Amino acid sequence: MNAVTNLAPRAAAPMEVIVKGKIDAVRRHESKRYTRIITPAPDAYSRPSVVEVRSTQQLGQKGDEITVTAKLGGYSRIAVQQLIPSLH
């Protein structure tokens, strides 16, 4: 089923993003749902971006094309060698 869910009727505020793409996977942890969305590739020779959106409600099913507004967040990854100098 390729239904389009439009949950982004307004312009994005600071630290918000509008994500448009196809649902690749949905998982659940405690009371939250994590929806992995594959966005269209910018051109035929590049890879599509993948983002994960956390929500309390179901955004759709695998294969659905959706547009959602989400608050931007996350953590930067730091290599273990940078945290523990003795491993160099």
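Structure data summary
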| quantity | calculated |
| --- | --- |
| Stretch gain in nm, segment D43-Q57, where the contour uses 0.36 nm per residue and the Cα spacing is subtracted | 1.8 nm |
| Amide H partners (placed H, <5 Å) of S49, local residues excluded | T39 |
| Under Karplus coefficients 6.51, -1.76 and 1.60, residue-wise ³J(HN,Hα) of segment 50-60 in Hz, glycine/proline x | 10, 10, 10, 10, 9, 8, 9, 10, 6, 8, x |
| Rounded to whole Hz, the Karplus (6.51, -1.76, 1.60) HN-Hα couplings of segment 35-41, x for glycine and proline | 10, 8, 10, 9, 8, x, 5 |
| E65, E16, E30 arranged by Cβ crowding within 10 Å, fewest neighbours leading | E30, E16, E65 |
| Long-range HN-HN contacts of D64 with modeled amide H, under 5 Å | I23 |
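Taken together, the values in this text are just the output of simple stated rules run on the coordinates, not laboratory data. Model, not experiment: these values are computed from the prediction. Note that each Cβ is placed from the backbone with ideal geometry, even for glycine, and that neighbours are counted across all protein chains shown.
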